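Data first, discussion second: the structure below is written as structure tokens.
What follows draws every value from the coordinates through simple rules; no lab data is involved. On a predicted model such as this, the values are computed, not experimentally measured, just so you know. Virtual Cβ from ideal backbone geometry, glycine too; neighbours counted across all protein chains shown.
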Amino acid sequence: MVARSADVAGRGEHSTGFVGRQRNEATTDGSARSSSLAIPYGCRVTATNAGRPPDEELTARILRTTVDIVFEVGYDQLRIEHVAKRVGCGKTAIYRRFPDKGELVVAAAMSIMHLGDIPDTGDVVEDLLQHTRINVENQNLTRLRDGSTNAIAAALDPAVFPVLWDRFFRLRRENGFRVIERAVERGQIAPDTDPDLLLDTLASITFYRSTVRGIGVKTEQYRWLVQTLVANPPRVSPGS
């Protein structure tokens with residue numbers, strides 16, 4: 001059985017937890033495609049008068065506007081009243097949905113990122129390529145916009161990152177763990193593969209080349225890297 005981090009052990013496949021809305025999503029080649037603006041269930045939307053749920057279209061506009069303002073001014077300068085004014089609603093409409101600024105930014109970030117399914121092509125190389133492709137698309141959502149440094153800093157803010165990790169990044173990682181576990185079960189990769197290091201290698205090259213250097217990684221480069229990692233994977237240290 002492949003070794004796993006304690007915080008993701010024991011979890012299986014899951015739904016994305018998103019409600020669809022229209023949006024444009026960046027692809028790996030930097031173009032835009034029509035997709036859905038995801039309203040995450042974790043945004044803690046509460047009931048309004050007479051038990052009716054809040055207007056989903058208003059929620060979607062609040063999230064879109066929050067994304068725009070975060071890119072413009074960053075997390076520290078974001079104010080609930082600024083979001084309300086631009087949306088054309090009262091602050092109470094936002095607080096009914098999100099108890100504080102951190103929760104609002106988490107929900108806004110999740111609304112534009114794609115969790116993705118657990119790929120199962122029968123080939124671990126193809127599965128890892130598909131898993132990595134989602135990372136690339138999520139990275140492109142940030143790097144292809146002005147103000148990307150503001151967005152990255154917002155995601156790493158202490159009021160945001162722990163919640164964003166628990167609700168999104170941890171689940172993305174679980175998907176990757178499941179791909180590797182299944183490959184071990186099928187005899188496609190060594191049973192003592194270190195999944196943390198393998199997934200970190202793929203994620204780090206995506207972040208560094210896409211976000212830091214702004215040059216991206218070509219599909220054939222990813223394929224070579226994944227094939228190399230599968231053929232000679234990082235191994236779990238004895239006794240760890």
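Of everything in region 193-213, what is part of a loop (DSSP other than H, G, I, E, B) and either of a type in the set (A, V, I, L, M) or surrounded by 15 or more Cβ atoms within 10 Å (Cβ to Cβ) (or both)? Give them in sequence order.
Residue satisfying the conditions is ASP194 alone.
Kindly indicate which of GLY176, GLY216 is in contact with an Asp or Glu (Cβ under 9 Å, 6 or more places away or on another chain) and buried (at least 16 other Cβ atoms within 10 Å of the Cβ).
Among GLY176, GLY216, only GLY216 is in contact with an Asp or Glu (Cβ under 9 Å, 6 or more places away or on another chain) and buried (at least 16 other Cβ atoms within 10 Å of the Cβ).
Given the criteria within 16 Å of GLN130 (Cα to Cα) and in contact (Cβ under 8 Å) with a residue 40 or more places away in the chain, does LEU141 qualify?
When the stated conditions are applied, LEU141 does not pass them.
Any residue at all in region 115-122 that is surrounded by 15 or more Cβ atoms within 10 Å (Cβ to Cβ), of a type in the set (A, V, I, L, M), in contact with a Lys or Arg (Cβ under 8 Å, 6 or more places away or on another chain) and closer than 24 Å to LEU199 by Cα?
Yes: region 115-122 contains one or more residues that are surrounded by 15 or more Cβ atoms within 10 Å (Cβ to Cβ), of a type in the set (A, V, I, L, M), in contact with a Lys or Arg (Cβ under 8 Å, 6 or more places away or on another chain) and closer than 24 Å to LEU199 by Cα.
Which helices (runs of 4 or more DSSP H) sit wholly inside region 103-167 and have at least 2 residues that are polar (S, T, N, Q) and more than 16 Å from LEU78 (Cβ to Cβ)?
124-143
For region 111-154, which residues satisfy the criterion of being of a type in the set (D, E, K, R) and either touching an Asp or Glu at 6+ places or on another chain (Cβ under 7 Å) or closer than 16 Å to ASP68 by Cα (or both)?
ASP120, ASP127, GLU137, ARG143, ARG145, ASP146
Restricting to region 98-114, give me the number of residues that are surrounded by fewer than 22 Cβ atoms within 10 Å (Cβ to Cβ) and touching a Leu at 6+ places or on another chain (Cβ under 8 Å).
2
Pick from region 185-220 the residues that are among the β-branched types (Val, Ile, Thr) and without any contact (Cβ under 8 Å) to a residue 60 or more places away in the chain: which of them is nearest to ARG133 (Cα to Cα)?
Result: ILE205.
Name the one entry in ARG178, ARG182, ARG172, ARG223 that is in contact (Cβ under 8 Å) with a residue 24 or more places away in the chain, part of a helix (DSSP H, G or I) and either closer than 19 Å to MET113 by Cα or acidic (Asp, Glu) (or both).
ARG172
Being in a helix (DSSP H, G or I) and without any contact (Cβ under 8 Å) to a residue 24 or more places away in the chain is the filter here; which residues of region 226-239 pass it?
Listed by number, the residues that qualify are THR228, ALA231.
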